[in-house]
Every structure is written in structure tokens, then in C-alpha cells.
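Structure first, commentary second.
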Amino acid sequence: MTVDALAEPVDRVGRSWTAALSLANVAIWVGWYGPLQILLAQQAEDFAPGTGMSKETLLAWVTGVGAAVSLAANPFFGALSDRTTARWGRRTPWIVAGAAGGALSLLVLAGAGGLWTMAVGWCLVQLTLNAAFAAVTAAVPDRVPRLQRGAVGGWLGAAQILGAVAGTGLATAAGGIAAGYAACAVFAVVGVLPYVLRHRDLRLGVADRPAWSWRSFAGGFWLSPRRYPDFAWAWLTRFLINLSNALVLLYLLYYLRDRLHHDDPEQGVLILTAVDSVALLATVVVGGVWSDRVGRRKPFVMWSGVLMAAATALLAAWQTWAGAIVVAALLGVALGVFMSVDFALMTDVLPKARDRGKDLGVINVANALPQVAAPALAAPIVTYLGGYRVLYLVAAVVGLAGAVLVGRIRSVD
């Protein structure tokens, strides 16, 4: 079991394993996206009067603080799972604890009566669900051989967007804020059960666990760009493209309501999410499988990033409901390829097998940090520097920079 836990995997994983891990990923993203797409925005609108903040600023503040928690939690729990020698394996205990904690945290949000409870609840959601997400992500390089990671990454990418759709749908259909949070909480727990009950995790032997010291543990989170340049460039490209996407999504509900004057903006968010999801599902697995077959990663990541930047620029120029639908479709096509192939690329540049969870957690900071940076950039742009048109132009430039920098990665075709 110890050799299997630390060795480079060579045996292909089966469909049942991939399906169960993907469902666990869906459950985690339901816990995130139900609040992010609908519920937090509704609470911000309810709680903003009397706080001295607009609903946009309040939402930006809460999501930014929560993303800061996520930024630290993902690599921290990834590192803890790397060192876990439990009977149930390195990753499974953290998937179970994270999902259960996430469900309880969502129920805290359901009962929030003001700004501070809302902020604390969202920080707890980010803390707990990141423990589960770090473990789910690390299971891939633990178990999946390199030339199957594009396909598995595709299914995990499909799971992410299905989680966004399911979370948005649950939040919309539940009939209220508290009911929406409760529905997401139930799904977060139920969705991880098939994986943790049916598929045994690899166990790390006690003798192979590194000696403990706070200094070495804390120092392990820094990976020198000079020593690991490809890891650094891969991190930066993911950060920039995710920042571009975060700038587009953050105020989507308010954009439909205040700029396009959509009759039912909540329903509009659901429609755009569905369009994006259908387009993404059409390319996410295909892109990953194609990348595995040709043995190349960078061209797929680069050109999907370019298409995402072009679609975002189109959103700045064509600010109509029809334009929003077209852009949602284009972003879905590009994001599908990016999500599957970029994930495989990330696993290809990991420095050490012993630190897979921690290093993937550091990479996942490139997912969380944009959630901190996006509100700081978006709020002043929308309020003082030109509104949504300028916001989407800035997002397009940021995404294009990320696509171009993929070429700096040298060790991956």
C-alpha cells in the first residue's frame, strides 16, 4: 500500500472510480456555487441597507474574505492529507470531514440574520469544503496515469460545471434563501458517499510520513520559481485566466438587473449558466481525451485562453441579452477545453509525489486568489471607472495575458 501511495501510477482507473470521484466533485461545487451565483447576492441585497455599503460592495467584501480563507485552506489541508496515515487512506478522511463540515456551515448561512453572520458562515464554507476539494484533487495524481489525466480531468471539469448548474438550480428552485442553503447542504453530503464507501483509498505507511516540524511544514508551501520554473509559469497562467473569468462572473446578477434591465435577473443567471454548461460539456471531456491521444497540452490551453479573452471582449462591445447568450456559449466551449487540459498540465509539472496534495493546493490558490483580487478590481471599475464595459475589457486583457504565458512552460509539449 505504501509503494502504491507514493509511486507514479501506471494502471488505468475504471469508469466507476472516475464517476464516483466526479460526483464527489459535483457535491463540493454545489456547496460553493449555490451561494455564489444566487444566495449570497440575495443576502447582500437584504443586509446592505443600514451598513453604509452598496449591495455590490457588501457582496465583494464577503466573497473576498471567504476567498482569502480558501486561499490558505486548500494547500493547508492538501499538506495534511499528504501526511495522513489513517486506516481509510490519505484522502478519504478529509473528503468526509470536509463535506460534513461544509454542510453544517451552509446551515449557518441559512440562519444568518446580518452581515457578520453571513461573513462568518461563508468563511466556514470555504474552510471546510476546501478540505474536501484538496483531497479530491490529489486523488487524481495518486491514482491516474499521466496519459489518462486529460480524460479524467475532463470528467472533473464536467463535474464542476454540473455542480454550478445544480447549485444554481437548487438555490433558485428551493423557494427561499434558507431552503436554498439547506438543499445545497444535503447534496454536499450525499454526493461524496459513493466515492468514500465504494472505493478504497491508498494508505501511507507511518515510516514514509515525513518527520514533523512546524518550520519544515510552513516552509514547504513556498516553491521557488527559480528551482521549479514550469510550476511557477503554470500557476501564473491559471491565475490570470481564472481572474478574467472571476471578473466576468462576480456581478453577473447585477449586470443583468442594472445594465440590461432583464425582467427576471435570477432566471437570467440560470439561463446563462445553462448555456455555458451545455457548451462546456460538449468540449470538456473531448478536449481532455484529444490531449491524451496526441500527448500535448500547451496548444489546447493556449488557444482556449485566447477564445475566452475574445468572448469576454465581445461582452464589452455587445451589451444585450442576445450578446450575453452568445458570449456564454463561447466561454463554455473555451472553458471546457481549458479546464480538462490545464488540469492535466498541472499534474504534469508537480515537483514531488510525496507532496501531491500540498502542491496541488498551491496550484489551487490560483483558483482562490482571483476571488480575492476580482472584487478589489471590479468594485471600483464598476462604480467609478467606466462601468461594466470597462470591466469586461480589463477581463479580456487579463485572460489574453494568461493564454500567451502558457508558452513559457518548457517541460510539457
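The values are calculated or read from the model by the stated rules, or taken from the named source; none is laboratory data. Because the structure is a prediction, the values reported are computed rather than measured. Cβ atoms come from the backbone with ideal geometry, glycine included; neighbour counts cover every protein chain shown. The area values use the complete protein model at the heavy-atom level, side chains included, leaving out ligands, DNA and RNA. Shrake-Rupley method; radii C 1.70, N 1.55, O 1.52, S 1.80 Å.
Points to keep in mind about this one:
- Test: residue in region 159-167 that is without any contact (Cβ under 8 Å) to a residue 24 or more places away in the chain and under 23 Å from Leu40 (Cβ atoms): no
- Checking every residue in region 350-373 against the condition of being part of a helix (DSSP H, G or I) and within 16 Å of Trp303 (Cβ to Cβ) gives zero matches.
- Residues located in region 176-232, provided they are assigned to a helix (DSSP H, G or I), at pLDDT 70 or above and among the hydroxyl-bearing types (Ser, Thr, Tyr): Tyr181, Tyr195
- Odd one out for Gly154, checked against (1) closer than 24 Å to Leu39 by Cβ; (2) assigned to a helix (DSSP H, G or I): (1)
- Residues of region 26-69 that turn out to be more than 17 Å from Tyr251 (Cα to Cα), of a type outside the set (Val, Ile, Thr) and open to solvent by less than 10 Å² (accessible area, probe 1.4 Å), as a count: 2
- Within region 100-157, the set of residues being closer than 22 Å to Asp46 by Cα, aromatic (Phe, Trp, Tyr) and in contact (Cβ under 8 Å) with a residue 40 or more places away in the chain comprises Trp122 only.
- Scanning region 76-93 for residues that are in a helix (DSSP H, G or I) and surrounded by fewer than 24 Cβ atoms within 10 Å (Cβ to Cβ) returns Phe76, Ala79, Leu80, Arg83, Pro93.
- Restricting attention to region 313-347, the residues being over 19 Å from the mean Cα position of the chain (by Cα) and in a helix (DSSP H, G or I) number 14.
- Residue check for Val190: open to solvent by 10 Å² or more (accessible area, probe 1.4 Å), over 12 Å from Trp32 (Cβ atoms), of a type in the set (A, V, I, L, M) and over 18 Å from the mean Cα position of the chain (by Cα): yes
- Evaluating Gly14 against the criteria (1) over 27 Å from Leu256 (Cα atoms); (2) in contact (Cβ under 8 Å) with a residue 40 or more places away in the chain leaves one unmet condition, (2).
- The set of residues from region 332-388 being in contact with a Ser or Thr (Cβ under 7 Å, 6 or more places away or on another chain), open to solvent by 20 Å² or more (accessible area, probe 1.4 Å) and closer than 30 Å to Arg83 by Cα comprises just one member, Gln371.
- Each residue in region 222-257 was checked for being farther than 21 Å from Val306 by Cβ and aromatic (Phe, Trp, Tyr), and 6 pass.
- Residue check, Thr172 among the β-branched types (Val, Ile, Thr) and modelled with pLDDT under 90: yes
- Qualifying residue in region 320-331 (condition: over 24 Å from Ala151 (Cβ atoms), in contact (Cβ under 8 Å) with a residue 40 or more places away in the chain, among the aromatic types (Phe, Trp, Tyr) and open to solvent by 50 Å² or more (accessible area, probe 1.4 Å)): yes
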